[in-house]
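Everything below concerns the one structure shown next.
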Amino acid sequence: MERRPLLAGNWKMHTTVAEAEELALAIAGTPIPADRDVMVAPPFTALAAVRRIVADSAVLLGAQNVCWEEKGAFTGEISPPMLKDLGCTLVIVGHSERRHVFGESDAMINRRATGALRHGLIPVLCIGETLAERESGQTFQVLELQLLGGLRGIPPAEAERMVIAYEPVWAIGTGKTASVDQAQEVHFFVRGLLAEMYEKNIATQIRILYGGSVNPENIDALMSQDDVDGALVGGAALKAESFRRIINYKR
Ligand code: PEP
């Protein structure tokens, strides 16, 4: 089965509402090749404004995190129904900044993913090793633990709707990209793990994105790899021109 590529922009804690509107207008006005999906994930504060702009386009709306609860005394959290109410269809969970800056554990990330799925949102589950872990030969072990922890209890029918993003921590926002061989090696490994956890035909359906300093210069080479099904893009998604080029990658 052909996996539909996904080019996803993570705007992180950037953009005022006016700035988000300007960026969203530029992206929504970009013709998107019919064979791929494009998502933008603005900060929560700009979701409503960006929704109004992308509503009539092919651009999908995503959020950067989600709580597992529907409502209640959870100060600072945003629930799955709230995101659905704003037109989100996808949500990033387990981003390395959530793990390393805010101390989110695999168990918490799993609850977030499970809560999202319960309400029909597609989780984009991020995994990735630090530089120290890579240099000490622990990459595959770390990724396996993150994947097993993040997907715990999620049945095959739900897992097949999910997106996995491999984002080596040492490549995020650093300008250092994993080589295409490093990316393909990990993506192949991750797909193998998914086949062990579920079944081969489920694993072949799950999209695995690469993230970490993706830019207009390296996107074509990354997308030429068999198991790279798209990109999760930070910095280069904040400039309409560079995100446009990424959307229009050529294999
Ligand atoms: C990210 O935000 O997930 C990311 C990969 O950032 P950058 O593209 O800036 O490295």
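Identify, among P31, I164, L131, the residue whose Cα sits farthest towards the positive end of the charge dipole of the range 6-247, taking +1 on the Cβ of Lys and Arg and -1 on the Cβ of Asp and Glu, with the dipole about the Cα centre. It is P31. Per-residue packing, averaged as other Cβ atoms within 10 Å, sorts the ranges 113-123, 234-244, 128-138 into the order 113-123, 234-244, 128-138, beginning with the highest. Legend: distances between Cα atoms for K12/K200; K71/K200; K176/K250; K84/K239; pairs beyond 32 Å are K12/K200; K71/K200.
Amide hydrogen proximity for V233: with H placed 1.01 Å from N in the peptide plane, the residues at 5 or more positions away or on another chain lying under 5 Å are A8, G9, N10. Calculated mean residue ellipticity, 222 nm, the chain: -11000 deg cm²/dmol, from DSSP H runs (n ≥ 4) at -39500 (n - 2.57) each, averaged per residue and rounded to 500. Per residue, the average separation of C-alpha pairs within less than 8 Å and at least 6 apart gives the chain a relative contact order of 20 percent. Using a ≥ b ≥ c from the Cα gyration tensor of the chain (square roots of the eigenvalues), is it rounded, prolate or oblate, where a/c under 1.5 gives rounded and otherwise the larger of a/b and b/c decides, a/b for prolate? Rounded, since a/c falls under 1.5. A simple rule links phi to the HN-Hα coupling: the Karplus curve 6.51 cos²θ - 1.76 cosθ + 1.60 with θ = phi - 60°, which for the range 159-172 gives 4, 5, 8, 7, 10, 10, 10, 8, 10, x, 4, 5, 9, 7 Hz, with x for Gly and Pro. The calculated FRET efficiency for A48 paired with S105, based on their beta-carbon distance and R0 = 25 Å, is about 0.25. Determine, from the Cβ-Cβ distance of A58 and S179 and an R0 of 25 Å, the FRET efficiency 1/(1 + (r/R0)^6), rounded to the nearest 0.05. Using R0 = 25 Å, I get an efficiency of 0.20. Amide H contacts under 5 Å for N65: I92, restricted to partners 5 or more places along the chain or on a different chain, H placed in the peptide plane at 1.01 Å from N. Backbone phi angles across the range 41-58, fed through the Karplus curve with coefficients 6.51, -1.76 and 1.60 (θ = phi - 60°), yield HN-Hα couplings of 10, x, x, 3, 5, 10, 4, 5, 5, 5, 4, 4, 7, 8, 3, 9, 10, 8 Hz in residue order; Gly and Pro are listed as x. Once the dipole of the chain is set up with Lys and Arg at +1 and Asp and Glu at -1 on Cβ about the Cα centre, which of F189, V93, V54 lies farthest towards its positive end? Final value for the positive-end residue is V54. Modelled spin-label separation between R152 and A18, with each label point placed 7 Å from Cα along the Cα-to-Cβ direction: 4.7 nm.
Under 5 Å from the amide H of V38 lie the amide H atoms of L7, L60, each residue being 5 or more positions distant or on a separate chain, with H modelled from the backbone and absent for Pro and chain starts.
Taking Cα centre as origin and charging only the Cβ of basic (Lys, Arg, +1) and acidic (Asp, Glu, -1) residues, the dipole magnitude of the range 44-113 rounds to 80 debye. Sequence-ordered 3J(HN,Hα) estimates for the range 104-117 from the Karplus curve with 6.51, -1.76 and 1.60 and θ = phi - 60° stand at 6, 8, 4, 5, 5, 5, 4, 5, 5, 4, 5, x, 4, 4 Hz, glycine and proline given as x.
Taking Cα centre as origin and charging only the Cβ of basic (Lys, Arg, +1) and acidic (Asp, Glu, -1) residues, the dipole magnitude of the chain rounds to 420 debye.
Quick note: the coordinates plus some simple rules give every number you see, no bench work behind them. Note that this is a predicted model, so its numbers are computed, not measured. We place every Cβ from the backbone using ideal geometry, glycine too, and count neighbours over all the protein chains shown.
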